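The values are calculated or read from the model by the stated rules, or taken from the named source; none is laboratory data. If you're wondering where the values come from, they're calculated on a predicted model, not measured in any experiment. Note that we place each Cβ from the backbone using ideal geometry, even for glycine, and neighbour counts take in every protein chain shown.
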Amino acid sequence: MFFILCLYGYFIFVVIFYIFGGVDDGKASYIHVCKSTEANLTNCIINSVNLLRPKLQEGIPELNVPPIEPLLLDEVKLRSGPSNAKINANITNIKVWGPSSFEILEIKPNLPKAKFAFKAMIPHLYFEGDYDIDMKILVLEYKGVGPITGNFTNYSFDCILKGNKIKQNGEEYLKFDKMRLKLYIGHSRISLGNLFRNDPIIGRATHDVINDNTDLFINEIKPLLCRKSEPEFAQCLWKNLETIRPRIIKGIRELNIPRVDPFTLSETTVNQTISEVVSISAILKNVKTIGAGNAIIEDFKANPFNLTGELRCTFPWIQLEMDYDVNGQLLIVPLRSKGHFIGNFTDTRIYGKGSIKTVDRDGVQYFKVDKISLKSVVGDGQIKLTAENPELQFSADLIANFYNDNPRLVMDTVNPIYIQTAEEFYKVIFDRILADYISDLVCRKSDPEYERCVLKNVEKARPLLIKGIPELNMPAVDPFELPVMTVDRTINELVSIKAVTKNIKVLGAGNVVIEDFKANPANLTGELRLNFPWTQLEMDYDVNGQLLIVPLRTDTQLYARGSVKIVDKDGVKYYRVDKLNMKIRVGDGEVKLTADNPDLQFGADLIANFFNENPRRVMDAINPIFVETATDLYRVVLDQILASVPAKEWLPE
C-alpha cells in the first residue's frame, strides 16, 4: 500500500509540474497551464488537476503516466511485521481500482525555492492479486500461495519535493533532489484465499489476526534496536523514527513520551528580557499545538560513542492556540493584554544539537541530557488576539496588527526568547523520557559473579521488562497478551485438545519471584526456577465451534533448563535457542466458562464444574499439553528477542 501511494504521489507531481508550464501547450492541449503570476495559484492547480482526471484514468504516455484505472503493478514485497507477528510475502499480478477518486486537499508551491508540498486523499481502493506467503504468528505458522484481495478506505499522504535549477546546454532545467512522502493509514481489510483450506477454524482465526493488525503489516512497523557498533547508526535511528512515527504522534505513555500532535500543555511561564525595548513576562495556559506530526526530518547525525547528536527538521505548518496574560514591550508596542491567542505559522525550520551523559541513581546508570542548543526560523505567520475584556480589544488588535504587518521583524526580534524557552522545555521532556532508560545492563562473560550480575540487573530492569521493550522484540510481561495461539495435542484416547485461542491476556506475571538461577556463559547453558504467586488468564477459544471465555487464578511454579547456540546471519553471529525443557506445576485453580451461545451454557458449566471439583486431577492430566504448548511459545519469543542483537552484544567478553 505504501508503495502504491509513493508511486501515485509521483504521478500527481508529474501532472502538477506540467501544469506549471513544464510542457508546451501545443503538445498537450488537454493541460490547462497555470502561470506563476496567477492571483490564486493554488486553486488554479487544483482545478487543472481535476480537469485532467479523465486523461489520468486512461494514461498519458507522453508524460510517462500509466493508466490508473485500474493501476497495474508487477510485484510488491513485504518483509516484516510487528514484533509478535512476522510475515514475508510477495504479491504479484496486482490490479488496483479507485486511484482516480483521489482528492487534492492542499498544495503549497514555493517557486523561488523550487519547493512543492501537497496533500492528497484517496477515499477508496480495492485490489486483487496473487500471494506467496511465509507467515509466523507466534506458534502459528503458514506457508502457501493463493489469491489475495484488499479494501482500503480513507488513506491520505503528504508529499514534499525540493529541487534546484540547473543549466544544461544553455537551457535551464528543474532537477529534484528529494521526495518525501508520509502515509496516513485509514481502514484496511485483507482476504487471503486458500488459507488453511483444510482447517476452517485456524483459517478464520488467522484472518482475524491479520486484519486486526493490518496497519502494522502495511506500514512494515518493526521497531529495531540500533546497535552502537552499527556503521550506519544515524541512518538506523532515522529510519526507526519514521517507522514508529504514528506511535510517537499518539504518545508513548510507558516511555514518558507525550502526545506530539496535538501537543497540549496545561500551563507554562515566560519571563525574558533582551533589551529595554524587548521584554516579555507571560503566563500561558491551555496551550495546544497542531501540526507537529507533519515534521519532515531533513538531516540527522548521531555519535553513539560520545553520546552526541544533531537534528534538522521542518514543520510545513503549525497552529498554536492558548490563553495568555502578557506584560512587556515589543519594540514600539507595549504588551499589556489578557485573552485568547491563535496563530498559524508556516515553514518553521529547527536545528538542534545536543549531548547526553550517564548519571548514577541508586547504584544504577541512567541517561540524562547534558547539553542542548536550538536554532529556529519561522517562515511566515498570522496571529489573532481576542481580549478577555472587550473594552481592551483595541490593545489586543494593536499587538496582532503590528505582528501581522511585520512578521519577519517581530519573529527575528523575539527569536532569542523563543529559543531559550524551547531549550528549557525540551530538556525537561527529554530527561523524563531518558529517566527510564538504563545505560548498561549487560553482564560480561568474564565476570566471576556472572549469575549474581544477571539477577541484579533483571531486578533493576523489572519495570522495563513489565512494560516490554519493543526494540528487543520483547513483549510486555504484565499484562502478557497474545492475539492468537493454536493447540492441537493428543495424549491418549481420553485426553486430547484441539482449539484456537484468541485475545489471550495473562495478568500477574510481573509479580514473579526468581527462586533460583544458574548460568554458564562458557557453554551457553542455564537453569531457572520461578514462582508466580498468582496469575489470571483470560481468553476466547473455539473448540468444535463453541466460543468460551476462561478466567483462571492460580499459584504456579515453573522450572526451565536450556541452552543457546550460535548461528550466522549475513556474516554476523547471533544466538538462537538450542534446547529448552520445562516443568510447570499449577498449585490450584478455578475456572468459569461463558458460552457465546446461551443455549450451550449447560455444556460450558459441565466442563467448568468438572474442573473446579477436580482441579488437581484435571491439571495433572492436561499438564503435558500445557508444558508442550508453553515450551513452543517461549522458544519463539526467546528466538525473537535473541535475533534483535548480535551475540557479542548480549555476552561481551
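General observations
- Hey, Gly589 in a helix (DSSP H, G or I), surrounded by 14 or more Cβ atoms within 10 Å (Cβ to Cβ) and at pLDDT below 80 or not: no
- Residues of region 440-465 classified as acidic (Asp, Glu), at pLDDT below 80 and surrounded by 15 or more Cβ atoms within 10 Å (Cβ to Cβ), total: 0
- Condition check for Glu232 on (1) assigned by TED's automatic domain parsing to the domain that holds Glu423; (2) exposed (fewer than 15 other Cβ atoms within 10 Å of the Cβ): one failure, at (1).
- Matching residues in region 153-168 - criterion: being closer than 13 Å to Leu111 by Cα and surrounded by fewer than 18 Cβ atoms within 10 Å (Cβ to Cβ): Gly163, Asn164, Lys165
- The residues of region 39-68 that are over 11 Å from Phe102 (Cβ atoms), in a loop (DSSP other than H, G, I, E, B) and at pLDDT 80 or above, listed by number, are Asn40, Gly59, Pro67.
- Scanning region 336-376 for residues that are β-branched (Val, Ile, Thr), free of Cβ contacts under 8 Å to residues at least 60 places away in the same chain and closer than 22 Å to Phe430 by Cβ returns Thr348, Ile350, Val359, Ile372.
- Entry remark, region 237-284: residues being surrounded by 14 or more Cβ atoms within 10 Å (Cβ to Cβ) and in a strand (DSSP E or B) number 15 in total.
- Within region 444-457, residues that are assigned by TED's automatic domain parsing to the domain that holds Ala519 have Cβ atoms under 7 Å from residues that are aliphatic (A, V, I, L, M) and assigned to a loop (DSSP other than H, G, I, E, B) in these pairs: Asn457/Leu441, counting only partners at least 6 apart in sequence or on another chain.
- Condition broken by Ile249, with the remaining ones in (1) in contact with an Asp or Glu (Cβ under 7 Å, 6 or more places away or on another chain); (2) modelled with pLDDT under 70 satisfied: (2)
- When region 42-55 is limited to residues that are touching a helix residue (DSSP H, G or I) at 6+ places or on another chain (Cβ under 9 Å) and closer than 14 Å to Lys108 by Cβ, the one that is surrounded by the most Cβ atoms within 10 Å (Cβ to Cβ) turns out to be Ile45.
- Count of residues meeting criterion [in a loop (DSSP other than H, G, I, E, B) and hydrophobic (A, V, I, L, M, F, W, C)] in region 457-477: 3
- Residue match in region 559-569 (condition: within 26 Å of Glu538 (Cβ to Cβ) and in a strand (DSSP E or B)): yes
- If you filter region 220-246 down to residues that are among the hydrophobic types (A, V, I, L, M, F, W, C) and modelled with pLDDT of 70 or more, you find that the one that is farthest from Lys288 (Cα to Cα) is Phe233.
- Of the residues contained in region 484-492, none is found to be farther than 21 Å from Tyr366 by Cα, surrounded by fewer than 16 Cβ atoms within 10 Å (Cβ to Cβ) and at pLDDT 80 or above.
- Hits in region 565-585 (condition: touching a Lys or Arg at 6+ places or on another chain (Cβ under 9 Å) and closer than 24 Å to Phe532 by Cβ): Val577, Lys579, Leu580, Asn581, Met582, Lys583
- Pair list, Cβ < 6 Å and 6+ apart or interchain, from region 497-513 residues that are free of Cβ contacts under 8 Å to residues at least 40 places away in the same chain and farther than 12 Å from Thr535 by Cβ to residues that are among the polar types (S, T, N, Q) and outside any helix (DSSP H, G or I): Val513/Asn531
Residues checked against (1) out of contact with any Ser or Thr (no Cβ under 9 Å at 6 or more places or on another chain); (2) over 21 Å from Thr268 (Cα atoms); (3) at pLDDT below 90; (4) surrounded by 14 or more Cβ atoms within 10 Å (Cβ to Cβ):
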site: Leu330; (1), (2), (3), (4): no, no, yes, yes
site: His340; (1), (2), (3), (4): no, no, no, yes
site: Tyr351; (1), (2), (3), (4): no, yes, no, yes
site: Ser376; (1), (2), (3), (4): no, no, yes, yes
site: Asn389; (1), (2), (3), (4): yes, yes, no, no
site: Asp412; (1), (2), (3), (4): yes, yes, yes, no
site: Phe430; (1), (2), (3), (4): yes, no, yes, yes
site: Asp436; (1), (2), (3), (4): yes, yes, yes, yes
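- Residues that are over 30 Å from Asp158 (Cα atoms), in contact with an Asp or Glu (Cβ under 6 Å, 6 or more places away or on another chain) and of a type outside the set (Lys, Arg) within region 265-295 comprise just one, Ile283.
- Test: Gln601 is crowded, with 16+ Cβ neighbours inside 10 Å, of a type outside the set (Val, Ile, Thr) and in the same structural domain as Arg529 (by TED's automatic domain parsing): no
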